[in-house]
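Notes for the one structure printed next.
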Amino acid sequence: MKKRILFCFAHPDDETFTVGGLLASLAKRDDVETIVYSATLGDAGKCGNPPVCTKEELPHVRKKELEQAAAILGVDHLVTDTYPDGKLPEHEDALVTSVRRLIDEYQPKIVVTFPPHGISGHRDHQAIQRATYRAVAEAKETPVEQLYYVTVVGRPSSRYGDSIEKIDVIFSFGKEEAKKVQQALLAHRTQHLSVERVFPSVHSDSFHKFQNREYFMLAWSKNGEKPSNPFA
């Protein structure tokens, strides 16, 4: 049976910004299946400058962008929901139920989500973190063996990000996977302003994603164990 890993996020593009390199790497393996969950369709986001679509069209367009990015990264199962963008904290209990249903359906061994600070401080990111943690840690029975937070390494004075001392897993990937991440980022056309702000080299042949490293912290473990390489 294949090892399944569930990634729980708030918006289309969260998957590429955070774990694009890991997803592209896992897609090359026959023994792993990945599931990406987006709780919203990003309906409160921007439409681009110049606009790619109207505000009314944005949820539909962003869903299509997510589908394209997921295909580029080789995601096995993409699940989208229709919670209101920007208002996830108001629906946290329902989110817990939604994540538990995914866990029951897909039986993942590992779950990945945002850290408590949400990387950017976005309240939706923080809400999906809390809901995912509750769905895993408060379940009477669960197939999940570990829950990880994907984060960034920040300066000690930074409000968001975590010190390198808190990192349990540093996942490195190569140029081939970085190219997939670049293509997936560009697929999120309506969000190009955010993409270009975070990744100024996204249109360049010299693109890399934080030196092609992604950082993870163990948030919960079923048996109290800390695997040396959970994504192996």
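The values are calculated or read from the model by the stated rules, or taken from the named source; none is laboratory data. Keep in mind it's a predicted model, so treat the numbers as computed, not measured. When we count neighbours, we look across all protein chains shown, and the Cβ atoms used for this are built from the backbone with ideal geometry, even at glycine. These area figures cover heavy atoms from the full protein model, side chains too; ligands, DNA and RNA do not enter into them. Shrake-Rupley method; radii C 1.70, N 1.55, O 1.52, S 1.80 Å.
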Worksheet entry | Residue-wise HN-Hα coupling along segment 9-14, computed from phi with Karplus coefficients 6.51, -1.76, 1.60 (Hz; x: Gly, Pro) | 9, 9, 9, x, 4, 4
Fill in: Surface accessible to a 1.4 Å probe, per residue, for the residues of segment 3-221, Å²
45 Å²
Worksheet item: Restricting to the chain, what percent of DSSP beta bridges are antiparallel, rounded to 5?
Response: 35 percent
Discussion item. Shape verdict for segment 105-175, please, from the Cα gyration tensor: rounded (a/c under 1.5), prolate (a/b greater than b/c) or oblate.
Written reply: oblate
Worksheet item: Relative to the Cα centre, what is the charge dipole magnitude of segment 69-199, using +1 at the beta carbon of each Lys and Arg, -1 at the beta carbon of each Asp and Glu, and rounding to the nearest 20 debye?
Response: 420 debye
Practice prompt. Assign one of three labels to segment 90-133, namely rounded, prolate or oblate, based on the Cα gyration tensor with a ≥ b ≥ c the square roots of its eigenvalues; rounded applies when a/c is under 1.5, prolate when it is not and a/b is larger than b/c, and oblate otherwise.
Written response: oblate
Fill in: Accessible carbon and sulfur surface of segment 3-221 relative to its total accessible area, %, 1.4 Å
48 percent
Worksheet item: What Kirkwood hydrodynamic radius, in Å, does segment 180-231 give when the mean of 1/r is taken over all pairs of distinct Cα atoms and then inverted?
Response: 13.5 Å
Item to complete: Please sort 75-86, 127-138, 167-178 by packing, taking for each peptide the average over its residues of neighbouring beta carbons within 10 angstrom, highest first.
Response: 127-138, 75-86, 167-178
Response to the item:
Expressed in angstrom and rounded, the centroid-to-centroid distance over alpha carbons for segment 192-206 and segment 75-110 is 29 Å
Worksheet item: What's the FRET efficiency of Ala44 with Lys222 using the Cβ-Cβ distance as r and R₀ = 35 Å, to the nearest 0.05?
Response: 0.50
Practice prompt. Work out the P(r) tail for segment 1-107: percent of alpha carbon pairs separated by more than 17 Å, whole number.
Written response: 54 percent
Response to the item:
Relative contact order as a percentage, the chain, C-alpha pairs under 8 Å and 6+ apart, gives 25 percent
Item to complete: Once you have a ≥ b ≥ c as the square roots of the Cα gyration tensor eigenvalues for segment 129-232, tell me rounded if a/c is under 1.5, and otherwise prolate or oblate according to whether a/b is larger than b/c.
Response: prolate
